[in-house]
Structure formats: C-alpha cells, structure tokens
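The values are calculated or read from the model by the stated rules, or taken from the named source; none is laboratory data. Here the structure is a predicted model, which means the values were calculated and not measured. No Cβ is skipped: glycine too gets one built from the backbone with ideal geometry, and neighbour counts run over all protein chains shown. Each accessible area value is taken on the protein alone, full model and side chains, heavy atoms only, with ligands, DNA and RNA left out. Shrake-Rupley method; radii C 1.70, N 1.55, O 1.52, S 1.80 Å.
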Amino acid sequence: MDNISVKIVSWLKEQVEKSGAKGLVFGLSGGIDSACVGVLCQKAFKDNCLGLIMPCESHSDDEDMAFLIANKFSITAKKISLDEPFKRLLEVLPASENNMARANLKPRLRMLTSYYYAANYGYLVSGCGNKTEIKLGYYTKYGDGGVDILPLGSLLKTQVRQLAKELGIPAEIIARKPSAGLWPDQFDEDEMGLLYDEADSILKAIESNDTTDIDSRKLHKVMSMISSSQHKRDTIPVFQF
C-alpha cells in the first residue's frame with residue numbers, strides 16, 4: 001500500500017486530462033469509500049472537484065458524516081435532496097412487490113444527478129466502488145455502477161480501510177457499519193451474508209487458485225455471487241451482422 005494514494009491521485013489526473021475534462025464529481029455518502037474518493041479527488045483537483053451529498057430517505061447520520069469529510073478536507077460540497085423526486089417516481093410508477101426495484105431507484109437517481117453536474121461543469125463522474133463490491137456485483141447497475149472512473153476499483157475493502165487511515169479519514173467514519181442506504185437498517189454484510197473480511201479472504205484465495213482452507217459453503221456463496229453478477233461487469237452485448 002506504500003504510496004498508493006500518490007499513485008491514485010496521479011492516475012486521476014491522467015484520466016481527466018486524457019478525456020479532455022476539467023475535473024471530477026463524486027457522491028459523498030458519509031461512508032469510508034466515498035470519503036477516500038473525496039479526499040483523493042480533492043488532492044488531484046483542488047479547485048475542480050465537487051462532492052454531491054444526495055440524501056434520499058437517508059439516515060441523518062449519513063449527511064452529517066458527509067459534511068464532516070467535506071469540512072475536514074476542504075472539499076467543495078453541494079447537497080441535493082432527492083426525497084421528493086424519489087416520492088414522485090413512486091407515485092407515477094406502477095406498484096411493485098419487488099423491494100429491490102424500489103430501492104434501486106435511489107442510486108439511479110444519484111447517478112443521473114451526478115451526470116447532470118458532470119455535464120454542467122465538464123467533469124468526469126468518479127465512482128466509489130471497491131474491488132470487493134465489483135467482484136461480487138454488490139452495486140446497482142446504472143446506479144452507483146454508472147460512473148466514468150473507479151479509483152478504488154483495484155482495492156479490496158480491507159485495503160480501503162488501510163488507505164482511509166493513511167489519508168486521515170476520521171475514525172468514526174472508518175468504524176461505521178457499511179451500508180448502501182437502500183432502506184432503513186440495511187447493512188452490506190447482513191445483506192451479503194458475509195463479512196467483508198471473509199469476502200476479501202475468499203476472493204484472494206480464488207485469485208491465487210488455492211481455496212483449500214476456505215469454508216466450502218462460503219466459497220460457493222462467493223462463486224455464485226460472482227457468476228450471477230457477471231452481466232454487470234460485461235460490456236453491453238451488441239448484435240453483429
């Protein structure tokens with residue numbers, strides 16, 4: 001992890017320059033991943049980065065922690081409340097018994113809001129997803145997965161925690177129980193049925209082709225998550241003639 005933050009900042013500058021953009025916009029959720037991304041983007045583009053705080057029937061702690069990061073690291077931040085657009089969508093869309101159909105509207109509203117600001121300022125949208133989430137497909141397609149670049153995309157969740165300490169992210173944010181905030185009391189590890197530490201260990205074992213010491217039930221679960229979410233990582237199929 002030595003100098004990883006320096007390398008990521010340099011990479012961010014390269015990506016923005018290569019695209020002809022002016023800076024970066026990202027969501028500030030109050031979680032550890034967005035906190036790290038916010039600090040890295042601010043280091044890369046002090047005067048041309050924007051953190052969007054986008055509550056959508058969210059817990060007030062999320063907003064408080066997001067502003068804590070913005071204030072501590074002098075990140076330009078803007079609050080865009082998505083409560084009313086979310087409610088309006090639910091009024092005009094047909095009722096559904098599928099809870100995820102409703103919940104996934106939240107990250108997709110945040111995605112379109114991010115791209116509105118990106119287009120307005122000539123910025124790229126930086127995602128906050130880490131390698132663990134990407135590998136397991138633990139993100140919303142065209143929601144928090146709808147981004148231009150992923151600075152944490154090669155770091156496992158456990159490595160993001162280490163990076164957060166190196167960046168000086170407040171301890172209360174590092175210690176927060178990870179949540180996508182899709183519904184009240186929704187937490188990543190409860191929904192996955194795995195701790196991030198367990199998931200990271202299994203992913204590393206799979207990559208090393210040595211899973212002999214891995215619990216077979218948990219290994220099967222991770223392999224199933226990888227397989228069922230492959231469509232999220234694939235490029236869009238195009239009919240060829």
Residues (open to solvent by 100 Å² or more (accessible area, probe 1.4 Å) and among the aromatic types (Phe, Trp, Tyr)) located in the stretch 80-100: none
Some residue of the stretch 179-196 being more than 17 Å from TYR139 (Cα to Cα), modelled with pLDDT under 95 and either open to solvent by 20 Å² or more (accessible area, probe 1.4 Å) or under 17 Å from the mean Cα position of the chain (by Cα) (or both): yes
Unique match (being more than 26 Å from LYS165 (Cβ to Cβ), at pLDDT 95 or above and open to solvent by 30 Å² or more (accessible area, probe 1.4 Å)) among LYS7, LYS18, LYS106: LYS18
Flag if GLY153 is touching a residue at least 60 places away in the same chain (Cβ under 8 Å) and either open to solvent by less than 80 Å² (accessible area, probe 1.4 Å) or not hydroxyl-bearing (Ser, Thr, Tyr) (or both): no
Among residues of the stretch 205-217, those that are surrounded by 13 or more Cβ atoms within 10 Å (Cβ to Cβ) and closer than 22 Å to VAL160 by Cα, counted: 2
Which listed residue is surrounded by fewer than 18 Cβ atoms within 10 Å (Cβ to Cβ) and among the β-branched types (Val, Ile, Thr), from ILE134, ILE174: ILE174
Which numbered condition GLY38 misses (of (1) at negative phi; (2) at pLDDT below 95; (3) of a type in the set (Gly, Ala, Ser)): (2)
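Could you tell me whether GLY146 is open to solvent by less than 30 Å² (accessible area, probe 1.4 Å), in contact with a strand residue (DSSP E or B) (Cβ under 8 Å, 6 or more places away or on another chain) and of a type in the set (Gly, Ala, Ser)? Write out each step before concluding.
On the way: open to solvent by less than 30 Å² (accessible area, probe 1.4 Å): yes; in contact with a strand residue (DSSP E or B) (Cβ under 8 Å, 6 or more places away or on another chain): yes; of a type in the set (Gly, Ala, Ser): yes.
Taking the combined requirement at face value, the residue satisfies it.
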